[in-house]
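Novice: The structure under discussion is supplied below as structure tokens; questions concerning it will follow.
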Amino acid sequence: MKPGGEGIGPLPADRPLRLFFALPVPDPVRALAARVQAQAPELKASWVAREGLHLTLAFLGSQPAGLVPALGDAARQVAARHRPFSLTTAGPGGFPRLGAARVLWLGCRPEAALEALAADLRAALADRDVPFDRNPFRPHLTLARLKKPGDLSGLAQDFPGVAFPVKAFILYQSLLTPAGSRYLALESGFLGRTDEIHNI
């Protein structure tokens, strides 16, 4: 997938783009997120659209559009070193905590392959002097951002885990629209594939 994504055409190299690497999630995970949302119908929050759900591996923030091809090459090099694996969702949680949450999220069970992939990707970005959020990696899917801190400790935690395959990760561009954030896929790294590696 080339810079510009979804047929919007080439972008000026110096145009700033809000970028992040993330795992896409399938429909069963989106359905589970909707079940969590249904528990809090009156929550004053900005809910992430179901089609926008993702698990962030590295948040890069504002970067020039001209960097996208190099980021795609880096992604493919990292992806080639890892095999596909599976993740399983866990219960909902909150940042900084459920009792006074500003962010509602859905967790996933510990998985060494995910930790290794995120660490490898972040190391590749650091080696290339690409700025990114260096806070510790805490895998989760953001479901909602609350307008003010709220007590979500009453949310059920006994949701059945949903297992899903991880075969690729994606470089997304985040676009702010009146209807909320929209995410465009710009580049992909398919795990275990070595046939599309380009040296930077």
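Please treat every number below as a calculation from the coordinates, not as lab data. All of these numbers come straight from a predicted model, not from anything done at the bench. With ideal geometry, Cβ positions are generated from the backbone for all residues, glycine too; neighbour counts draw on all protein chains shown.
Novice: Using Cα pairs closer than 8 Å and at least 6 residues apart in sequence, work out the relative contact order for the chain, in percent. Walk me through the numbers on the way to the answer.
Specialist: Values: 403 pairs, mean separation 69.0, N = 200.
With pairs under 8 Å counted, the relative contact order is 35 percent.
Novice: What list of ³J(HN,Hα) values in whole Hz, one per residue of region 124-138 in order, does the Karplus curve 6.51 cos²θ - 1.76 cosθ + 1.60 (θ = phi - 60°) give from phi, with Gly and Pro shown as x?
Specialist: Whole-Hz 3J(HN,Hα) from phi for region 124-138: 5, 5, 4, 4, 9, 6, 8, x, 7, 5, 9, 4, x, 6, 10.
Novice: Follow-up question, since we're still on this one. Going by amide H atoms built from the backbone, whose H comes under 5 Å of the H on Phe85, apart from near neighbours?
Specialist: Those qualifying (amide H under 5 Å, at least 5 residues apart or on another chain) are Val166.
Novice: Taking R0 as 41 Å, what's the FRET efficiency between Gln39 and Asp120 from their Cβ-Cβ distance, rounded to 0.05? It would help to have the intermediate numbers written out before the result.
Specialist: Working: r = 36 Å, r/R0 = 0.88.
Efficiency computed from Cβ-Cβ geometry: 0.70.
Novice: I've got another one for you. With charges only on Cβ, +1 for K and R and -1 for D and E, what is the dipole size of the chain about its Cα centre, in debye, rounded to 20? Provide the component values of the computation, followed by the final result.
Specialist: Numbers: 23 positive and 17 negative charges, 97 e Å.
Magnitude of the dipole: close to 460 debye.
Novice: Along region 103-110, what does the Karplus equation 6.51 cos²θ - 1.76 cosθ + 1.60 (θ = phi - 60°) give for ³J(HN,Hα), rounded to whole Hz, x for Gly and Pro?
Specialist: Working through the residues one at a time gives 10, 9, 9, 10, x, 9, 5, x Hz.
Novice: Same structure again: Can you list residues from other chains, or at least 5 along the same chain, whose modelled amide H is less than 5 Å from the amide H of Val25?
Specialist: none
Novice: Considering only Leu117, Leu155, Leu186, give the residue with the highest GNM mean-square fluctuation for the chain, with springs between Cα atoms whenever their separation is below 10 Å.
Specialist: Leu155
Novice: A follow-up question, please. Just Val78, Val130, Val68 to compare: in a GNM of the chain, with alpha carbon springs under 10 Å, which one fluctuates most?
Specialist: Looking only at Val78, Val130, Val68, the biggest GNM fluctuation is shown by Val130.
Novice: Amide H of His140 versus every other amide H placed in the peptide plane: which residues, excluding those fewer than 5 positions away on the same chain, fall under 5 Å?
Specialist: Excluding prolines and chain starts, which carry no amide H, the hits are Thr56.
Novice: Find the relative contact order for region 148-200 and round it to a whole percent, using C-alpha pairs within less than 8 Å whose residues are 6+ positions apart. Could you put the intermediate results ahead of the total?
Specialist: Values: 37 pairs, mean separation 14.7, N = 53.
Result for region 148-200 is 28 percent.
Novice: Give the separation of the Cα centroids, region 46-80 to region 13-33, in Å.
Specialist: 7
Novice: Just name one of Pro149, Val25, Ile170: the one whose Cα is farthest towards the positive end of the charge dipole of region 18-190 (beta-carbon charges, Lys/Arg +1, Asp/Glu -1).
Specialist: Result: Pro149, furthest along the dipole toward the positive end.
Novice: Right, another one. Can you tell me the relative contact order of region 38-123? Whole percent, Cα pairs under 8 Å, sequence separation 6 or more. Spell out each step's value before the answer.
Specialist: On the way: 50 pairs, mean separation 21.9, N = 86.
Normalised by residue count, the contact order of region 38-123 is 26 percent.
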